[in-house]
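Taking it in order: structure first as C-alpha cells, then the write-up.
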Amino acid sequence: MTRRHPFTLLDLGLVAMWSSGYVGAKLAAETQSVYLVLFWRFLLVALLLAPASISHIATGGGVRAVWLNGVLGVCGMFMQIGCVVVAVGMGISAGTVSIIYATQPLLTAALAGPILGERVSPRQWIGLAIAFTGVSIASYGGQSAPLLAYLLTALGTFGLVAATLIAKVTNDATPILPSIGIQSSFCAALFMLFALADVGLRPPFHDPAFWFVVGWFIVFSTFGAFSFYWMCLRRSSTVHVGTVLYLTPVFAIAVTWLFFDEPLTVAKLCGLTICLAGAAISLSRPIAIVPPLTAGEGLVKP
C-alpha cells in the first residue's frame, strides 16, 4: 500500500464530471422528452462500446460480467440518473438535487463498516456530520416542487449507494469501457419502455438542442463521470469517494446560477460553506490506496 494526498486530480475530475449530470438534467428538462434523451444517450453509448463489451464477454467475462454490470447499471445509472432528470423535470432545481445527493457519503459510511469492513475514523464521522448539516441548511426552503420529486431524488441516492457497495464487495474483472457499455445496454432497454410510453422512440433529427443534450450526457456524464467514479473507487475507500462527492453541489449550484438563473439564496451559501468545511475535515488526512491494476486485473477490487 502507498500513501497519497487526500485530494488529487482524479478527485477534482470526479467533482467536475459528476456535476455535469445536474447541468444535463436541467438541459434535458427543456427538451421534448427526458425519457427520449436518456434512451438515445444510453443506446448510442451501448452501440459505441458494443465491440469492447462483446469481446470481454466472449473472452472470459461470461454471464457473470453481464449480470453483475447489469445490476450496477440499474442501481448506479438507471436509478440514479433517471431519478435526477425526472425530478428536475418536475420542478426541483438542479442545485437542490445535487445537495440532496450529497447525503450519499453519510449513508455509504454507515454501511461501509458492517458490509465492507472499512474503518471510518472519528475525524471522518465528524466531517461527514458537519457536511450533512450544511447540506440540510442549503436545501431548506425556496422550493415549490412536488413531494414526489424529493422522493425520486432520495431513491436515486439509495441507488448510487447500492451500486457503490456492490462494486466494492464483488471481484469483477470487467475493464472500464466494457463495464460502461454493458451497464448502458441495460439502461437503454429500461428507458426505451419509458420513452415508448411518453413520445415514442423517434428522435427529433433536425433539433440541434436535443442532440447537444444527448452529446453532453455521453461525453461528460457517462464517459467522464463514471470513468472517474470507478477509477477513484478502486484507488481509495468508499467513504473517501463519497466525501469527495460532497463537493459537487458547489460546482453544480455555481453553474446553474450562472447559466440558468437558479436562485442563489443565503441558505444555500451558508449551507455550502458548512458543507465544504465538513468535507475538508473528513479529507484532511492521507489515505491508503491500492496500487494501479495491471493488465487483466479487475475494474473494482473489494
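The values are calculated or read from the model by the stated rules, or taken from the named source; none is laboratory data. Please read these numbers as outputs of a predicted model, since none were measured by experiment. Please note: Cβ atoms are built from the backbone with ideal geometry, for glycine as well, and neighbour counts cover all protein chains shown. Protein only, heavy atoms only, side chains kept; ligands, DNA and RNA dropped before computing areas. Shrake-Rupley method; radii C 1.70, N 1.55, O 1.52, S 1.80 Å.
Taking the condition open to solvent by less than 80 Å² (accessible area, probe 1.4 Å) and at positive phi, does Gly200 pass?
Yes.
Kindly evaluate Ala195 against the criterion of being of a type in the set (Gly, Ala, Ser) and at pLDDT below 90.
For Ala195, the condition - of a type in the set (Gly, Ala, Ser) and at pLDDT below 90 - is not met.
Does Leu151 fit the bill of being modelled with pLDDT of 95 or more, open to solvent by 50 Å² or more (accessible area, probe 1.4 Å) and of a type in the set (A, V, I, L, M, F, W, C)?
Here the answer is no, as Leu151 does not meet what is asked.
Limited to the range 160-177, what total is found for residues that are in a helix (DSSP H, G or I) and farther than 16 Å from Tyr229 by Cβ?
Total satisfying the criteria: 1.
Those residues that are in a helix (DSSP H, G or I) and of a type in the set (Val, Ile, Thr), I need them from the range 116-127; list them, please.
Ile126
Being modelled with pLDDT of 75 or more and within 18 Å of Val15 (Cα to Cα), is that true of even one residue in the range 282-294?
No - not one qualifying residue is present in the range 282-294.
Here is a yes/no grid of residues against (1) within 20 Å of Arg41 (Cβ to Cβ); (2) buried (at least 19 other Cβ atoms within 10 Å of the Cβ):
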{"position": "Asp207", "(1), (2)": "yes, no"}
{"position": "Val214", "(1), (2)": "yes, yes"}
{"position": "Arg234", "(1), (2)": "no, yes"}
{"position": "Thr238", "(1), (2)": "no, yes"}
{"position": "Cys275", "(1), (2)": "no, yes"}
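Could you list, in sequence order, the residues of the range 97-107 that are open to solvent by less than 10 Å² (accessible area, probe 1.4 Å), β-branched (Val, Ile, Thr) and at pLDDT below 75?
Within the range 97-107, Ile99 is the sole residue that qualifies.
Per-residue answers, yes or no, for (1) hydrophobic (A, V, I, L, M, F, W, C); (2) part of a helix (DSSP H, G or I):
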{"residue": "Ala145", "(1), (2)": "yes, no"}
{"residue": "Leu148", "(1), (2)": "yes, yes"}
{"residue": "Thr153", "(1), (2)": "no, yes"}
{"residue": "Phe158", "(1), (2)": "yes, yes"}
{"residue": "Ser185", "(1), (2)": "no, yes"}
{"residue": "Pro204", "(1), (2)": "no, no"}
{"residue": "Phe210", "(1), (2)": "yes, yes"}
{"residue": "Cys232", "(1), (2)": "yes, yes"}
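Looking at Thr174, Thr243, Thr170 in this structure, which one is within 16 Å of Gly70 (Cα to Cα) and surrounded by 24 or more Cβ atoms within 10 Å (Cβ to Cβ)?
Sole residue among the options that is within 16 Å of Gly70 (Cα to Cα) and surrounded by 24 or more Cβ atoms within 10 Å (Cβ to Cβ): Thr174.
With the requirement that a residue be modelled with pLDDT under 85 and open to solvent by 20 Å² or more (accessible area, probe 1.4 Å), what does the range 1-17 give you?
Correct list: Met1, Thr2, Arg3, Arg4, His5, Phe7, Thr8, Leu9, Leu10.
In the list Val135, Val120, which residue meets the criterion of being closer than 20 Å to Lys268 by Cβ, hydrophobic (A, V, I, L, M, F, W, C) and open to solvent by less than 40 Å² (accessible area, probe 1.4 Å)? Explain how you work it out, then say what you get.
Working: Val120 fails: closer than 20 Å to Lys268 by Cβ.
The match here is Val135.
Taking Leu165 as the residue in question, decide whether it is open to solvent by 10 Å² or more (accessible area, probe 1.4 Å), under 22 Å from Ile180 (Cβ atoms) and in contact with a helix residue (DSSP H, G or I) (Cβ under 6 Å, 6 or more places away or on another chain).
Values: open to solvent by 10 Å² or more (accessible area, probe 1.4 Å): yes; under 22 Å from Ile180 (Cβ atoms): yes; in contact with a helix residue (DSSP H, G or I) (Cβ under 6 Å, 6 or more places away or on another chain): yes.
Yes; evaluated as a whole, the condition is true for this residue.
One line per residue, one yes/no per condition, for (1) of a type outside the set (D, E, K, R); (2) farther than 24 Å from Ala154 by Cβ; (3) open to solvent by 10 Å² or more (accessible area, probe 1.4 Å); (4) part of a helix (DSSP H, G or I):
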residue	(1), (2), (3), (4)
Gln32	yes, yes, yes, no
Leu44	yes, yes, yes, yes
Cys75	yes, no, yes, yes
Gln80	yes, no, yes, yes
Cys83	yes, no, yes, yes
Ile92	yes, no, no, no
Pro114	yes, no, yes, yes
Ala129	yes, no, yes, yes
